[in-house]
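Supplied in structure tokens, the structure appears directly below.
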Amino acid sequence: MKLLNSLLLTLVLSLPIIGFSADSININTADKETLMSVIKGVGDKKAEAIIAYREENGSFKSIDELTNVKGIGQAMIDKHREMLSTSE
């Protein structure tokens, strides 16, 4: 029983590590497929809009600048903030 409790405790304590192990992506260099796979709610059109925005306006200075892209709101950015970056 002690062994089972120890294994269960180890599993429970490791869950946060598993859940937050995703690498961040650079929104200034990510391709369409990467944007779509990392940012939930970003499909083909929004990914293309992100890429078009950075091609027309230069690199994003901050993650919050994504709100300038049609269809990207502050809630979406806040939800994915830990996975996004503007530098390598």
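Values quoted throughout were computed directly from the atomic coordinates according to the rules given, and no laboratory measurement underlies them. Since the structure is predicted, the reported quantities are computational estimates derived from the model, not experimental observations. Virtual Cβ from ideal backbone geometry, glycine too; neighbours counted across all protein chains shown.
Given charges of +1 on the Cβ of Lys and Arg and -1 on the Cβ of Asp and Glu, with all other atoms neutral, how large is the dipole of the range 22-85 about its Cα centre, in debye to the nearest 20?
With Lys and Arg at +1 and Asp and Glu at -1, about 180 debye.
Along the charge dipole of the range 22-85, pointing to its positive end and built from +1/-1 on Cβ of Lys, Arg, Asp and Glu, which listed residue (Leu84, Asn68, Ile51) has its Cα farthest out?
Positive-end residue among those listed: Asn68.
Most exposed first by the Cβ proxy, i.e. fewest other Cβ within 10 Å, how do Met1, Met36 rank?
Least to most surrounded, the residues fall as Met1, Met36.
How far apart, in nm, are two points set 7 Å out from the Cα along the Cα-to-Cβ line at Asn57 and at Asn26?
Inter-label distance under the simple model: 2.0 nm.
For the range 60-67, just list the computed ³J(HN,Hα) in residue order, Karplus coefficients 6.51, -1.76 and 1.60, θ = phi - 60°, integers in Hz, with x standing in for Gly and Pro.
Using θ = phi - 60°, the values come out as 5, 7, 8, 5, 5, 5, 4, 5 Hz.
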